[in-house]
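Right, one structure below, let's go through it.
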Amino acid sequence: MSSSDNGARGIAPESVPDGEFDGKRVLVTGGSRGIGAAISHYLRERGARVATVARSQPPQNPSLPDLVIGDLTQPAEAERVSHAVLDRLGGIDIVVHSAGAATLSDEGVLSMGEHDWGVALETNLMAAVRVDRELIPAMKSQGSGAVVHISSIQRRFALGASVPYATSKAALTAYSKALAVEVAPYGVRVNSIAPGIVETEMSQNFADSLDDGKAELMGLFGGVPLGDVAKTTEVAELVGFLVSDRCPSIIGAEYAIDGGTMRSV
C-alpha cells in the first residue's frame, strides 16, 4: 500500500482552472503527509497560499512553505498556532482539518486506556474544535469561508481494534453538522468527508499489523467492492470542490469515499 500522488481514478487536473484558488488563504491541519499533504498540494497548485501545522519539522518535507510548528491537542498551543496562521496569511478563507491519529489494540475496546482515548479525542475532535473556534470568527466577519472536516466511515463502522478513533470521528461528524447550521447565515460553509481505506502511512501501519496485510484490512470492513483502496488525490479533489465557489449551497453534508464499502442507505 504505497502512497501515490497520481491515482488512475479521479478528475484530471486540467478539468478545473489552475488559478481557481488565487488569493485564497488556507490552513490544512495534518498537511505535511498523507491525505493532508495531497490536499495542501492540490490547493497550492491552483493558486492558494496554504499554511500547514505539524508538531515538528517533517523530515520528509523539510522545506514545506508556511509551516507552523505546534501541537493542536494542547489548548494554549492551538490558540497560538491559529493566531500565527492569521498573522502569517493576513486572514483566512479555507480551513481543512485532516489531522488524525489512532492507537490500535488486538484485545478490544475494554483493553484501551486513558492514553488511547486521549490521543483519539484530542487529535481527531478537539484539535478541530479549538482551531475552528479561533479562525471561524474571522470568516464570519468577512462574510465568507469554507471548512471541511475529514471524518471516517468508521464513525458508522467501528472496528474493535480502533474504537476510540471511530468514536472521535463520530463526534467530529456530529460537531461538523451542528457547526454548519450555526455559521451558514454568515456565509461560512462547513462540510465533512468520510474516507474509507485510503493509501496512507496510517492505513499501511494498520495493514502491517495484520497477517494478510491489505487484503485482510479490506476484509475487516466487509470488503471493498471496487477491489482497491482510495488514493489521497481523490480526497483532495473532493475537498477542492467543496471549498470552491462551484457549490455555494452544499452545507452540512458528508461525502463518503470508500469504494462502495458502506452499503447502508
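The ratio of the alpha-carbon radius of gyration of region 26-80 to the globular-protein estimate 2.2 N^0.38 Å is 1.08. For region 205-219 versus region 15-92, the spacing of their alpha-carbon centroids is 31 Å.
The alpha carbons of region 112-265 stretch over 53, 37, 27 Å along the principal axes, in descending order.
Simple spin-label estimate for S264 and D208 gives 3.2 nm between the two label positions (7 Å along the Cα-to-Cβ direction from each Cα). Normalised by the number of residues in region 112-262, the average gap of Cα pairs under 8 Å and 6 or more apart makes the relative contact order 27 percent. Can you pull the semi-axes for the chain, root of five times each eigenvalue of the Cα gyration tensor, sorted largest first, whole Å? So the equivalent ellipsoid measures 28, 21, 18 Å along its semi-axes. Within the same chain, aspartates and glutamates fewer than 8 places from K140 are excluded, and of the rest, those with a Cα less than 13 Å from its Cα are D93, D132, E182.
Between D87 and S249, the contour length at 0.36 nm per residue exceeds the Cα-Cα span by 55.3 nm.
Along the positive direction of the dipole of the chain (beta-carbon charges: Lys, Arg +1; Asp, Glu -1; about the Cα centre), which of Q74, T103, N61 reaches farthest? My answer, from the dipole projection, is Q74. Figure legend: label point modelled 7 angstrom from the Cα of R156 along Cα→Cβ; residues of region 225-265 with amide N under 16 Å from it are 225-226, 252-265. Counting only Cβ charges, +1 for Lys and Arg and -1 for Asp and Glu, the dipole size of region 133-202 around its Cα centre is about 240 debye.
Taken about its Cα centre, the chain carries a charge dipole of roughly 760 debye when the Cβ of each Lys and Arg holds +1 and the Cβ of each Asp and Glu holds -1.
Build a GNM of the chain with springs between Cα atoms under 10 Å apart, and of E237, E20, E107 the one that fluctuates most is E107. Sorted on the mean count of surrounding Cβ atoms within 10 Å across their residues, most packed first, peptides 164-175, 245-256, 134-145, 25-36 read 25-36, 164-175, 134-145, 245-256. Using a simple spin-label model with pseudo-atoms 7 Å out from Cα toward Cβ, V129 and A184 lie 2.3 nm apart.
For region 75-129, the equivalent ellipsoid built from the Cα gyration tensor has semi-axes of 31, 11, 7 Å, listed from largest to smallest.
In plain terms, the bigger the Kirkwood radius, the slower the diffusion; for region 124-206, with that radius from Cα pairs, at 10 °C and 1.306 mPa s, Stokes-Einstein puts D at 116 µm²/s.
Across L72, L179, L43, mean-square fluctuation computed from a Gaussian network of the chain (C-alpha pairs under 10 Å connected) peaks at L179.
Given Cα pairs under 8 Å that are at least 6 residues apart, what percent is the relative contact order of the chain? Before the final figure, lay out the partial values.
Numbers: 502 pairs, mean separation 56.8, N = 265.
Relative CO of the chain lands at 21 percent.
For region 246-257, putting each phi into the Karplus relation 6.51 cos²θ - 1.76 cosθ + 1.60 with θ = phi - 60° gives couplings of 7, 9, x, 9, 8, 9, x, 8, 10, 10, 9, 10 Hz, in residue order, rounded to whole numbers and with x for Gly and Pro. Ranked by the mean number of other Cβ atoms within 10 Å per residue, highest first, peptides 117-129, 146-158, 46-58 order as 146-158, 117-129, 46-58.
Based on Cα atoms of region 35-125, Rg over Rh with Rh as the Kirkwood radius reads 1.04. Average 1/r across all pairs of distinct alpha carbons in region 181-265, invert it, and you get the Kirkwood radius: 14.5 Å. Between L172, P225, P185, the Cα set farthest toward the positive side of the dipole of the chain (charges on each charged residue's Cβ, about the Cα centre) is that of P185. Could you tell me how far the Cα centroid of region 114-138 sits from the Cα centroid of region 142-179, in Å? One Cα centre to the other: 11 Å.
Each value in this text was obtained by applying a stated rule to the coordinates, not by laboratory testing. What you are looking at is a predicted structure, and each value in this text was computed from that prediction instead of being measured. Heads up, the Cβs are rebuilt from the backbone with ideal geometry, glycines too, and the neighbour counts pull from every protein chain shown.
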